[in-house]
1. Could you give me the percent of Cα pairs per 10 Å distance bin for region 1-142, shortest bin first, beginning at zero and ending with the bin that holds the maximum distance?
2. For the chain, with all protein chains present and a 1.4 Å probe, just round the carbon and sulfur fraction of the accessible area to a whole percent.
3. What are the extents of the Cα atoms of region 67-141 along their three principal axes, listed from largest to smallest and rounded to whole Å?
4. How large are Rg and Dmax for region 1-56 when calculated on the C-alpha trace, in angstrom?
5. When the helices in the chain are scored as -39500 (n - 2.57) per DSSP H run of 4 or longer and the sum is shared across all residues, what 222 nm value do you end up with, to the nearest 500 deg cm²/dmol?
6. For region 24-76, rounded, prolate or oblate, judged on the Cα gyration tensor with a ≥ b ≥ c (square roots of eigenvalues), a/c < 1.5 rounded, else prolate if a/b > b/c?
7. Once the piece of chain linking D7 and R49 is laid out straight, how much longer is it, given 0.36 nm per residue of separation minus the C-alpha distance between them?
8. Where is the GNM fluctuation largest for the chain (alpha-carbon springs, 10 angstrom cutoff): N96, N29, N56?
Amino acid sequence: MISGPDDGESLWQPLPSRGYVTVKFTPANTPYEDFCAGVQLLPPGCHIREHGHLRNHELVFVYEGTGTVTIDDVTTPLAPGSTVLFCRDAVHRIDNTGLVDMKLFWVFMPPGFDDWFRAIGRPREPGAPMPEPFARPEDVGEIQRRMRFMPPRS
């Protein structure tokens, strides 16, 4: 299976991430039921908020940009070529501390991350200008619970 640069379901992301996610592979469009995969663009100064997963592992590969990853309160620099594996119950956050967009490839096992991005995002057409910042849905706590995210620490 091949997914081109503009192939896949693409979704604008709410604050604090902004940018967008493009879902490339899921059990719905592949013969595999063990994972989903996609790419994410994280603009400068934005971050993927602190979170963790109760039943999933997450693999992230940075292919453009720089920043930091914080896992269980330990912060490490990220640069192109960095690969991070977040295990179940690992509280983590990714910050784009650079001056250009950070681009990530992610794999989520078992699948379900695509459902999260659909639940909080808005449809995006490739090449469309970034919309004004928007907040996550009011019921984001219920969405997180349903998708087995760890409860927030604060």
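1. 12, 43, 38, 7
2. 56
3. Here the spans come out as 32, 30, 21 Å, largest first.
4. So, for region 1-56, Rg and Dmax equal 13.0, 38 Å respectively.
5. -2500 deg cm²/dmol
6. oblate
7. Gain in length upon complete extension: 12.5 nm.
8. Highest fluctuation among the options: N29.
The values are calculated or read from the model by the stated rules, or taken from the named source; none is laboratory data. Only a predicted model underlies this, so the values are computations on that prediction, with no experimental measurement involved. A quick note on method: Cβ atoms are made from the backbone with ideal geometry, for glycine too, and the neighbour counts reach across all protein chains shown. Side chains included, ligands, DNA and RNA excluded: accessible areas come from the protein's heavy atoms. Shrake-Rupley method; radii C 1.70, N 1.55, O 1.52, S 1.80 Å.
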